[in-house]
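Take a look at the structure below.
The values are calculated or read from the model by the stated rules, or taken from the named source; none is laboratory data. Everything numeric here is computed off the predicted structure, so don't read it as measured data. In this analysis, Cβ positions are derived from the backbone assuming ideal geometry, glycine residues included, and neighbour counts consider all displayed protein chains.
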Amino acid sequence: MRIRGVTYDVGTPVINGGLTRETLPLDLVEQEMQVIAKELHCNAVRITGQDIERLKLAAGAACRHGLEVWFSPSVHNANEQETFQNMLEAASACEDLRKVGSQVVLVLGCELSVFMSGLIPGDSLLDRLAFLSDPSRWTADMLANGSPEERLNTFLARVATEARRRFAGPLTYASGLWEDIDWRNFDIVGIDAYRDGNNRQEFPGLIRNYTQFGQPVVVTEFGCCTYVGADDLGGMGWMVVNRQSTPWRLGKPLTRDESVQARYLTELLELFDSEGVDGAFVYTFVSPSYPSSIDPRYDLDTASYSLVRTWPAGNDAASQHSPRWERKQAFHAVARHYGKGNHP
């Protein structure tokens, strides 16, 4: 694959309020981008989050370490107009990066059928996911103004047209496997491709089908949590956390197993290579909002997709400016795969 990537979250709203990264010191971002480039052997990073200034800060650090930037704004639960404005602001930021010689791709949203409000009924991501998985709730009245798929493509066409007025670089969209996107509006086909127990057998064919559009295909997101059975849950592995408790805890006993995550990522990277995919971004580098614990009940890293295991912050200021994580088996597995051969 030409693109050997990982996602990097600069702060995304969580279900119960707050951000996945409450602080984002530049010196810490610089350290982590260096690890991504030098140790993980990435040549690209998909930077996600809601705050454009944070995205720009991380993008600048990534560029200084020679990484291609996939600029991926994400305003969860926003309506169409709020999402539209966020994307246009991101397009202007990307053009500023492009003009100074940075390699940058603009990702115009991620799985918007469930992350954006208004296309599928529901007040939250979880409500819309539940609705999506229950065909009995899809009524004629709900489809009277067009299907969610049609309205999503109309929205994306409008966003892409306006974004191109501000940004002269390539555009893509991070689509869910259930979304049927009109890729004529984009330069790159982007898919969030999680293999699980339900799609395991047909998964290679699912990936192969995206090559029919005659454009480069990039897996914008894929990953696995760190426990026995997580490979069968794929993109829903994070649902095992009980977010009603304070602090959060695992909702049931799990057997932590880093080899499950490492094996899953290796198998999919090899599959993407064999199917001629142009690139892939492992989800994700670090998840500070899922800290580990010596008490298995509170070891949230078990339910995270991150390549590194985060430990809780200390009370001193210095702990905010240095990595509080250690490399997991998955980190080393991805580094081995990305480091194979002689890359240009």
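Values computed for the structure shown
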read-out	value
When residues of the range 150-191 are limited to those that are surrounded by 22 or more Cβ atoms within 10 Å (Cβ to Cβ) and not hydrophobic (A, V, I, L, M, F, W, C), the one farthest from the chain's Cα centre (by Cα)	172
Filtered residue count, the range 197-238, keeping only those that are acidic (Asp, Glu) and in contact with a strand residue (DSSP E or B) (Cβ under 8 Å, 6 or more places away or on another chain)	1
Output for the range 230-251, where each listed residue is among the charged types (D, E, K, R) and either surrounded by 18 or more Cβ atoms within 10 Å (Cβ to Cβ) or under 24 Å from residue 18 (Cβ atoms) (or both)	231, 243, 249
Filter result (in contact with a Phe, Trp or Tyr (Cβ under 9 Å, 6 or more places away or on another chain) and either over 14 Å from residue 287 (Cβ atoms) or assigned to a strand (DSSP E or B) (or both)) within the range 215-229	215, 217, 218, 219, 220, 221, 222
Only listed residue being touching a residue at least 24 places away in the same chain (Cβ under 8 Å), closer than 23 Å to residue 330 by Cα, hydrophobic (A, V, I, L, M, F, W, C) and touching a helix residue (DSSP H, G or I) at 6+ places or on another chain (Cβ under 6 Å), chosen from 75, 45	45
Unique match (being under 26 Å from residue 265 (Cα atoms) and at pLDDT 95 or above) among 67, 57	67
Filter result for residue 341 (in a loop (DSSP other than H, G, I, E, B), more than 21 Å from residue 44 (Cα to Cα), modelled with pLDDT under 95 and of a type in the set (Gly, Ala, Ser))	no
Checklist (1) hydroxyl-bearing (Ser, Thr, Tyr); (2) in a helix (DSSP H, G or I); (3) free of Cβ contacts under 8 Å to residues at least 24 places away in the same chain applied to residue 246, failing item	(2)
